[in-house]
1. Quick check on the stretch 122-138. Is at least one of its residues farther than 16 Å from Leu197 by Cα and part of a loop (DSSP other than H, G, I, E, B)?
2. So Tyr6 ticks every box in (1) within 16 Å of the ligand (Cβ to nearest atom); (2) surrounded by fewer than 19 Cβ atoms within 10 Å (Cβ to Cβ); (3) within 22 Å of Lys194 (Cβ to Cβ) but one. Which box is left unticked?
3. Pairs only if they're at least six apart or on different chains, beta carbon under 7 angstrom, first in the stretch 41-53 and more than 14 Å from Pro90 (Cα to Cα), second near the ligand (Cβ under 9 Å from one of its atoms) and among the hydroxyl-bearing types (Ser, Thr, Tyr); list them, first residue then second.
4. Of the residues Ile165, Ile137, which is within 14 Å of the chain's Cα centre (by Cα) and within 29 Å of Gly225 (Cα to Cα)?
5. Which residue pairs have Cβ atoms under 7 Å apart, sit 6 or more places apart or on different chains, and have a first residue in the stretch 100-114 that is over 16 Å from Gln309 (Cα atoms) and a second that is among the small types (Gly, Ala, Ser) and at pLDDT 95 or above?
6. For Gln276, only one of the following conditions fails: (1) part of a strand (DSSP E or B); (2) away from the ligand (no atom under 16 Å from the Cβ). What is its number?
7. Of the residues in the stretch 171-210, how many are out of contact with any Asp or Glu (no Cβ under 8 Å at 6 or more places or on another chain), assigned to a strand (DSSP E or B) and within 12 Å of Ile137 (Cβ to Cβ)?
8. Give Thr11, Thr73 a once-over and let me know the one that is under 21 Å from the mean Cα position of the chain (by Cα), within 20 Å of Ser228 (Cβ to Cβ) and of a type in the set (Ser, Thr, Tyr).
Amino acid sequence: MPEPNYPVELTPPEIEPYRAGNTGIEYVTSFDSGQPGPHVLVTALTHGNEICGAIALDRLLRAELRPRRGRLTLAFDNVAAYHSFDHRIPTSSRFVDEDFNRLWSPATLDGPRQSVELARARALRPVVDSADFLLDIHSMQHATAPLMLAGTLDRSVALARQIGIPELIMCDAGHAAGPRMRDYGGFGDPAAVKTALLIEAGQHWERRVAEVATDVMLRFLMAVGTLSRGDAAPLGGPDFDAHPAQRIIHVTEAVTITGDRFEFVQDFRGLEILPQKGTLIGRDDGREIRTPYDDCVLIMPSRRFVRGQTAVRLGRYVG
Ligand SMILES: [Zn+2]
């Protein structure tokens, strides 16, 4: 399968000025309005090569905006991986030891294992524990439409609708390899009130992904009452005033790689709709992977074929 080559159109911002922060945790900065209101957390660089989130946070920090109510915390997550970013081999800096976004269960965080990412997750955990709202900013391997990952809870979908962009909202339960930060603790608990979203803003290195990430972040901060429209508008990009008719994709399953040799039968990029149930999409050590129903949507097909990881998610449009 030929590897698509996406040019790196973005410049990773210098985040050293944010190292000290003001929370006692490196690269975490928090502003308290002094007014009652929620603790709102925006995170970037959960994957070290997904630089659009760092650009969005850098823009927000440079603008010196402060929360209108409650608290606003801005965190650069996997800084160690980000610092290994090399635009000649841009895919290699996703993580150092393991995926930071598969560690978010008490069993793993409290467990005995050590890694660069576990150390960072443990350091950030009190911030995540105390947040009422989370937006975690990501980007994708392939150039497809942006996706808001709302998990499985109605309140997260409602917030995604209130934000109003992007057009596509995806509801999924995550990965067999381990829970994401957006699913951790109260964020994934039907009985809690904490609400988390994860934005996949577009292809990692296209210019537009930074605009999408920034606009979604601003609309999120307006939706939760942290910023006024007047605060946010000067930083807004092309989608800041967009009001697309939003559509929801329900993910029914994640295809987890079980063998040593996984391959797709076509060069899928994501959001393809395969009309016929039973269509062959790939082979896992020769085992055929076929679509389980008509009009099956392929979501974020991976280019990293590692046993235990997600190869692709399957879903369908609902409403
Ligand atoms: Zn990511």
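The values are calculated or read from the model by the stated rules, or taken from the named source; none is laboratory data. Please read all numbers here as calculations on a predicted model, not as lab measurements. Here Cβ is always computed from backbone atoms with ideal geometry, including for glycine, and neighbour counts include all displayed protein chains.
1. Scanning the stretch 122-138 turns up no residue that is farther than 16 Å from Leu197 by Cα and part of a loop (DSSP other than H, G, I, E, B).
2. (3)
3. Between residues of the stretch 41-53 that are more than 14 Å from Pro90 (Cα to Cα) and residues that are near the ligand (Cβ under 9 Å from one of its atoms) and among the hydroxyl-bearing types (Ser, Thr, Tyr), there is no close pair.
4. Criteria check complete, one pass: Ile137.
5. Leu109/Ala121
6. Among (1) part of a strand (DSSP E or B); (2) away from the ligand (no atom under 16 Å from the Cβ), Gln276 violates only (1).
7. Matching residues across the stretch 171-210 total 3.
8. Thr73
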